[in-house]
Amino acid sequence: MRLPLQPSPEVASALAAGRPVVALESTIITHGMPAPENIETALACEADIRAEAAVPATVAVIDGVLRVGLEADELRGFASRPGLAKLSRADIAVAMATGASGATTVAATMIAARAAGIGVFATGGIGGVHRGAETSFDVSADLTELAHTPVTVVAAGPKAILDIPKTLERLETLGVPVIAVGQDEVPAFWSRSSGLRAPLRIDDPARIATAHAMRSALGLPGGQLVVNPVPAAKEIPAEALMPMIDRAIAEARAEGVAAKAVTPFLLDRIYEMTGGASLRTNIALVRNNARLAARIAQELSGLLGPRG
Ligand code: PSU
Ligand code: MN
């Protein structure tokens with residue numbers, strides 16, 4: 001069966017020439033941020049990647065077609081489409097088979113990136129092991145995807161709404177390298193600090209690209225998780241956030257929020273409780289990740305050379 005995968009003309013020609021391309025997810029647009037900041041941030045990330053001489057490829061499923069790279073007006077149309085589904089590894093093939101539309105999570109965006117031949121992907125924060133996972137079993141499919149799919153994902157660390165020590169343990173078990181950039185500690189999304197030492201550290205994007213290529217030379221499946229701290233001027237210290245996160249999690253439990261709805265619910269409550277400050281931080285860190293991902297993609301395309 002032919003895969004209904006459609007790269008934009010710009011992405012297709014960049015990939016054919018071996019030029020750097022950075023994948024971007026779309027769940028952050030539809031479920032991770034309110035309007036109009038969601039679309040503004042999506043367009044700003046694309047511009048940031050272009051400013052680093054790479055090509056952005058925002059991924060979404062539109063009417064059953066896996067789109068890799070959207071034009072700005074398509075991206076605006078997608079962002080304002082009501083009721084879009086959140087598609088992860090379990091959902092993406094069914095959505096495509098039934099002609100549905102939806103936004104791709106980190107896991108589903110990695111699947112699309114691999115299918116299109118893109119090695120680097122920028123996002124805000126990955127999903128992970130939720131607090132209370134020992135009873136809820138809520139562990140994001142993003143972690144298993146990192147174990148399977150050879151894409152380097154640049155994030156600002158596991159969100160502080162998660163159980164970060166358990167998330168790191170899970171990643172270690174899955175054999176996923178967690179590589180901190182510019183500091184020894186794992187950053188915690190809105191905060192630069194988690195109190196936990198990163199298993200690995202590489203400050204030079206060229207070396208991160210080499211490590212990506214080395215995994216493939218070793219025949220290792222799975223990707224790398226690059227954790228890039230939010231710029232200091234935009235961070236919210238963990239101490240300030242913790243009481244709000246505790247309250248948001250208690251509310252989610254009391255309201256019976258489960259499965260896919262948990263992450264969007266918590267992000268939305270924290271946005272409200274911080275009076276919008278969490279959103280400004282989120283925007284800064286996603287853009288910061290887009291720039292780093294573009295530099296890694298540059299190095300990777302230099303290593304791999306022009307493709308057929
Ligand atoms: N990062 C953000 N905002 C988000 C997400 C990540 O800054 O909304 C999304 C990503 O798409 C990620 C998903 O894959 O949350 C994780 O959801 P879950 O915990 O249900 O697997
Ligand atoms: Mn979950």
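The values are calculated or read from the model by the stated rules, or taken from the named source; none is laboratory data. Everything quoted here is computed from the prediction, not taken from an experiment. Note: ideal-geometry Cβ built from the backbone for every residue, glycine included; neighbour counts use all protein chains shown. What goes into the accessible areas is simple: the full protein's heavy atoms, side chains included, and nothing from ligands, DNA or RNA. Shrake-Rupley method; radii C 1.70, N 1.55, O 1.52, S 1.80 Å.
Which one of these does Phe189 not meet: (1) open to solvent by 10 Å² or more (accessible area, probe 1.4 Å); (2) hydrophobic (A, V, I, L, M, F, W, C); (3) within 24 Å of Ile283 (Cβ to Cβ); (4) modelled with pLDDT of 95 or more?
Condition (1) is where Phe189 drops out.
Glu134: open to solvent by 40 Å² or more (accessible area, probe 1.4 Å), away from ligand 2 (no atom under 16 Å from the Cβ) and not in a loop (DSSP other than H, G, I, E, B), yes or no?
Taking the combined requirement at face value, the residue does not satisfy it.
Residues checked against (1) of a type in the set (D, E, K, R); (2) within 16 Å of ligand 1 (Cβ to nearest atom); (3) at pLDDT below 95:
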residue: Val139; (1), (2), (3): no, yes, no
residue: Thr144; (1), (2), (3): no, yes, no
residue: Gly182; (1), (2), (3): no, no, no
residue: Asp204; (1), (2), (3): yes, no, no
residue: Ala213; (1), (2), (3): no, no, no
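Go over the candidates Glu239, Glu299 one by one and state the one that is touching a Ser or Thr at 6+ places or on another chain (Cβ under 9 Å), exposed (fewer than 14 other Cβ atoms within 10 Å of the Cβ) and in a helix (DSSP H, G or I).
Numbers: Glu299 fails: exposed (fewer than 14 other Cβ atoms within 10 Å of the Cβ).
Answer to the check: Glu239.
Filter the range 139-170 down to the residues that are within 14 Å of ligand 2 (Cβ to nearest atom), out of contact with any Ser or Thr (no Cβ under 9 Å at 6 or more places or on another chain) and open to solvent by less than 40 Å² (accessible area, probe 1.4 Å) and list them by number.
Residue satisfying the conditions is Asp163 alone.
Filter the range 161-210 down to the residues that are of a type in the set (A, V, I, L, M, F, W, C) and assigned to a helix (DSSP H, G or I), then identify the one that is nearest to Leu241 (Cα to Cα).
Step one: of the range 161-210, the residues of a type in the set (A, V, I, L, M, F, W, C) are 161-162, 164, 168, 171, 174, 176, 178-181, 186, 188-190, 196, 198, 200, 202, 206, 208-209.
Of the ones still in play, those that are also assigned to a helix (DSSP H, G or I) are 164, 168, 171, 174, 206, 208-209.
Values: Ile164: 15, Leu168: 20, Leu171: 24, Leu174: 29, Ala206: 34, Ile208: 31, Ala209: 34 Å.
Top of the filtered list is Ile164.
Under 7 Å between Cβ atoms, which residue pairs at least 6 apart in sequence (or on different chains) link something in the range 92-112 that is of a type in the set (A, V, I, L, M) with a partner that is assigned to a strand (DSSP E or B) and open to solvent by 20 Å² or more (accessible area, probe 1.4 Å)?
Ala95/Ala85; Ala100/Ala85; Ala103/Lys86
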